[in-house]
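First comes the structure, then the notes that go with it.
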Amino acid sequence: MSRSIVRQSKFRHVFGQTVKAEQGYDDIRVSKVTWDSSFCAINPKFLAVIVESSGGGAFLVLPISKTGRVDKNYPLVIGHSGPVLDIDWCPHDDNILASCSEDCTAMVWQIPDHSLTRPISDPVVVLEGHSKRVGIVTWHPTARNILLTAGSDNLVIIWNVGTGEALISMDDHPDLIYSISWNRNGSLFCTTCKDRRLRVCDPRKREVVAERLAPHEGIRPMRAIFTRDGNIFTTGFTRMSQRELGLWDPTNFEEPIALLELDTSNGVLLPYYDADANMVYLCGKGDSSIRYFEITEEPPYVHYLNTFSSKEPQRGMGFMPKRGVDVTKCEIARLFKLLDKKCEPITMTVPRKSDLFQDDLYPDTAGPEPAMEAEEWLDGRDEDPILVSMRGGYMPPKSRELKVAKKNVLESRPTTRRSMSTLDTNSLPSESGVRGLSVRGTCKLG
């Protein structure tokens with residue numbers, strides 16, 4: 001009686017490969033600020049990198065096709081008065097980017113489709129509500145205009161970017177928040193904190209619905225992300241400072257589904273999750289390797305696949321949404337590795353002989369259309385992401401945000417840079433006008 005001892009998986013032979021030198025991005029002065037964020041954000045149109053700058057904070061935004069050497073005088077986005085700590089592209093509009101900074105603010109920017117010809121210094125909206133630096137910014141996965149920020153004042157604030165107002169504020173964390181991740185439909189988010197607790201929060205009820213003390217026994221920073229099945233994948237350290245990963249069921253935090261020790265190193269492991277393949281890529285700051293794992297329903301639940309290694313240590317990492325990968329080459333993921341002076345794209349590919357579209361590798365993936373409006377989410381509605389087919393490759397929508405946004409933004413934006421929530425209500429469009437504007441894109445609301 002023969003028994004297969006090798007686990008069957010279509011992702012077992014995934015391999016990583018650095019693109020050719022001319023397809024990278026050179027002469028980028030990556031930020032040296034001491035903060036455990038990825039310093040990089042990617043979507044199918046743009047690459048954004050937090051860079052060194054004098055007299056405030058700045059980041060660089062390049063069209064994804066603008067490879068090669070970056071001119072030292074290339075215009076930057078320069079609105080913050082302190083170092084930028086985190087950036088995140090809006091999942092529902094490829095031209096909208098949120099940033100946060102040591103200057104205690106978060107800002108939302110509209111990036112034009114073409115290469116910048118002059119610096120951008122005027123955000124669409126400034127979000128002021130934190131009393132200390134803001135270190136985390138992340139968009140809601142399915143609701144239009146909903147943005148979450150977390151700061152060193154231990155506050156979590158959820159904003160409606162369309163009106164500039166703070167909708168929800170939560171002060172359940174007694175210490176610095178290390179990471180925040182929404183679940184698939186945005187009904188919950190999970191956090192890791194310096195008090196060594198992993199929490200699951202329901203923002204609309206303004207309460208912590210589940211928590212676990214010390215999912216990893218070490219005192220060094222943890223990270224946590226929701227998987228598509230509603231479980232939570234964590235990275236952290238053991239008491240002996242070994243790096244460790246875990247998989248948890250938030251409805252039963254007593255015992256982990258899986259717990260795996262990796263190695264001894266100082267770098268915090270940043271997890272990047274592919275919901276379509278149920279794979280996690282682990283990138284440690286200061287590491288020169290990327291480990292990747294597959295999460296399944298059979299033991300041991302988290303399966304090690306392989307390690308991509310290169311020579312130089314990484315300063316940060318960006319992860320392309322699935323709709324930006326090349327389906328003609330069986331590419332299932334693309335990561336952007338930040339070095340001291342450049343950014344190297346790394347492709348993750350499943351080896352296949354056929355040139356035909358591989359249905360099993362590319363299920364329908366989350367598209368750019370929001371599933372609901374901000375008001376609907378706030379009223380208690382939950383929706384999964386609206387899916388799009390990857391057959392034939394993904395084509396970004398035609399600059400819908402540029403048709404009327406600039407006109408509206410210029411007409412209704414205040415002359416001085418202030419939070420929209422502090423404006424005289426007479427300067428805001430009427431409620432019906434707000435609804436009509438918000439249908440077309442995030443930045444219709446000045």
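List of remarks:
- Projected label distance in nm at residue 209 and residue 391, using a 7 Å step from Cα toward the beta-carbon: 3.6
- For segment 234-324, a/c is not less than 1.5, where a ≥ b ≥ c are the root eigenvalues of the C-alpha gyration tensor, and a/b does not top b/c. That puts it in the oblate class.
- Taking a ≥ b ≥ c as the square roots of the eigenvalues of the Cα gyration tensor, segment 46-108 is oblate, since a/c reaches 1.5 or more and a/b is not larger than b/c.
- Cα gyration tensor category, rounded, prolate or oblate, for segment 36-155 with a/c compared to 1.5: oblate
- Put simply, the Cα atoms of segment 97-180 extend 44, 27, 20 Å along their principal axes, the longest span coming first.
- Phi angles across segment 9-15 convert, under the Karplus curve 6.51 cos²θ - 1.76 cosθ + 1.60 with θ = phi - 60°, into 3J(HN,Hα) values of 7, 5, 9, 5, 10, 4, 10 Hz, Gly and Pro given as x.
- Its convex hull of Cα atoms gives segment 97-253 a direction-averaged projected area, equal to a quarter of the hull surface, of 10.4 nm².
- Per residue value of the accessible surface for the chain (all protein chains in place, 1.4 Å probe), Å²: 44
- Rolling a 1.4 angstrom probe over segment 333-386 with all protein chains present gives an accessible area of which 47% lies on carbon and sulfur atoms.
- Loop-located trypsin sites (Lys or Arg not before Pro) across segment 206-239 with a Cβ neighbour count of 11 or fewer within 10 Å are 239, with loop assigned by DSSP.
- Each residue of segment 256-273 was assigned a 3J(HN,Hα) from its phi angle through the Karplus expression (A = 6.51, B = -1.76, C = 1.60, θ = phi - 60°), giving x, 5, 8, 9, 9, 7, 10, 7, 10, 7, 8, x, 5, 7, 8, x, 10, 10 Hz with x at Gly and Pro.
- Segment 290-338: GluC sites (Glu not before Pro) in DSSP coil with no more than 13 other Cβ atoms inside 10 Å: 297
- Paramagnetic label reach from residue 296 (point 7 Å along Cα→Cβ; backbone nitrogen cut-off under 20 Å): within segment 197-234, residues 227-234.
- Segment 91-144: trypsin sites (Lys or Arg not before Pro) in DSSP loop, at most 14 other beta carbons within 10 Å: 132
- Here residue 80 sits with roughly 10 square angstrom of accessible surface, probe radius 1.4 Å.
- Convex hull volume of the Cα atoms of segment 164-258, normalised per residue: 99 Å³.
The values are calculated or read from the model by the stated rules, or taken from the named source; none is laboratory data. Keep in mind it's a predicted model, so treat the numbers as computed, not measured. A quick note on method: Cβ atoms are made from the backbone with ideal geometry, for glycine too, and the neighbour counts reach across all protein chains shown. To get the accessible areas, we keep the full protein, side chains included, count just its heavy atoms, and leave off ligands, DNA and RNA. Shrake-Rupley method; radii C 1.70, N 1.55, O 1.52, S 1.80 Å.
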